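Participant: I'd like to ask some things about the structure below.
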Amino acid sequence: GENVEQHPSTLSVQEGDSAVIKCTYSDSASNYFPWYKQELGKGPQLIIDIRSNVGEKKDQRIAVTLNKTAKHFSLHITETQPEDSAVYFCAATRTSYGKLTFGQGTILTVHP
Amino acid sequence: DTEVTQTPKHLVMGMTNKKSLKCEQHMGHRAMYWYKQKAKKPPELMFVYSYEKLSINESVPSRFSPECPNSSLLNLHLHALQPEDSALYLCASSQGPGSSGNTIYFGEGSWLTVV
């Protein structure tokens, strides 16, 4: 089955800095890679996703890159704000399968 | 509107009780999911319903019984649970496995405490 490794487990940055979270996956058939943000006491919120036919995707301050050859993908957050503080999860799946395999999560803390 | 609604938000139940968690979506999605999340861990898949039929059961104990009455509703019936079953139970939905738009949206979850 799929296995997703996520690093770092915790990340502390100053407001305005950039934050990068990296994930690797094992199943070369995986073709869909979402990122979720989970605030305390809430469910995971989809913030950005990328499919295997695309190398990079941006949405305002958030970007995701995918390297299929190396089987890794990364989340980039620029100009971080205190409200970006949360747990971030990467995930991988085949769109034909319906089962998300999550990384272990990264606790991001943005200090004002 | 990408909303998955779960009720109740909090539930405390004894080990001999029978209770149910409910989930609703009105996005026309044909796949619905139950995930379980323990503190400081990622969500773990329990069940997948595709077109109202159970398609994946991740070897979940029979004290958890899912039900999909129609394409908008998903229930999780709970009976004879153990304290270690205390967790956040998340419902999710998507257009359906096989769809190129198979983005999975989560609800806010139901916090379950078994005493």
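Read-outs throughout are calculated quantities, based only on the coordinates presented, and are distinct from any laboratory measurement. Everything numeric here is computed off the predicted structure, so don't read it as measured data. When we count neighbours, we look across all protein chains shown, and the Cβ atoms used for this are built from the backbone with ideal geometry, even at glycine.
Participant: Under a plain spin-label model, where a point goes 7 Å from the Cα along Cα-to-Cβ, how far apart in nm are A:Val54 and A:Ser18?
Facilitator: 2.0
Participant: If I take R0 = 22 Å and measure r between the Cβ atoms of A:Lys68 and B:Glu58 in this structure, what FRET efficiency does the formula 1/(1 + (r/R0)^6) give, to the nearest 0.05?
Facilitator: Efficiency, rounded to the nearest 0.05: 0.25.
Participant: Enumerate the residues in the stretch B:20-42 having an amide nitrogen under 13 Å from the point lying 7 Å beyond the Cα of B:Ser65 toward its Cβ.
Facilitator: Residues passing the 13 Å test: B:20-21.
Participant: Please report, to one decimal in angstroms, the Kirkwood hydrodynamic radius of the stretch B:9-66 built from all distinct Cα-Cα pairs.
Facilitator: The Cα-based Kirkwood calculation yields 13.3 Å.
Participant: Just from the alpha-carbon atoms, what are the Rg and Dmax of the stretch B:44-115 in angstroms?
Facilitator: Expressed in Å, the Cα Rg and Dmax of the stretch B:44-115 come to 13.0, 43.
Participant: Just need log10 I(q)/I(0) for the stretch A:22-80 at q = 0.12, 0.17 Å⁻¹, Debye formula, equal scatterers on the alpha-carbon atoms, no solvent, rounded to two decimals.
Facilitator: Cα-only, vacuum Debye calculation for the stretch A:22-80: -0.30, -0.58.
Participant: Can you pull the Rg over Rh of the protein assembly as shown, Cα-only, Kirkwood?
Facilitator: That ratio equals 0.97.
Participant: Among B:Ala31, B:Ala92, B:Ala80, determine the one that fluctuates most according to a GNM of chain B built with springs between C-alpha atoms less than 10 Å apart.
Facilitator: Largest GNM mean-square fluctuation: B:Ala80.
Participant: Given a cut-off of under 8 Å on Cα pairs at least six residues apart, what relative contact order in percent is computed for chain B?
Facilitator: 37
Participant: Between B:Thr113 and A:Ser26, what FRET efficiency comes out of the Förster formula 1/(1 + (r/R0)^6) with R0 = 35 Å and r the beta carbon distance, rounded to 0.05?
Facilitator: Given R0 = 35 Å and the Cβ-Cβ separation, E is 0.50.
Participant: State the volume of the convex hull built on the alpha-carbon positions of chain A, expressed per residue in Å³ and rounded to an integer.
Facilitator: Each residue corresponds to 93 Å³ of Cα convex hull volume.
Participant: While we're looking at this one, here's another question. Tally Lys/Arg at +1 and Asp/Glu at -1 over every other residue whose Cβ is under 13 Å from the Cβ of A:Pro112; what's the total?
Facilitator: Here the charged neighbours net out to -4.
Participant: Turning to a different aspect of this structure: Once you put a point 7 Å from the Cα of A:Glu83 and another 7 Å from the Cα of A:Thr10, both along the Cβ direction, what distance in nm separates them?
Facilitator: 2.6
Participant: Based on the alpha-carbon set only, what is the convex hull volume of the stretch A:46-112 divided per residue, in Å³?
Facilitator: With only Cα atoms used, the stretch A:46-112 gives 100 Å³ per residue.
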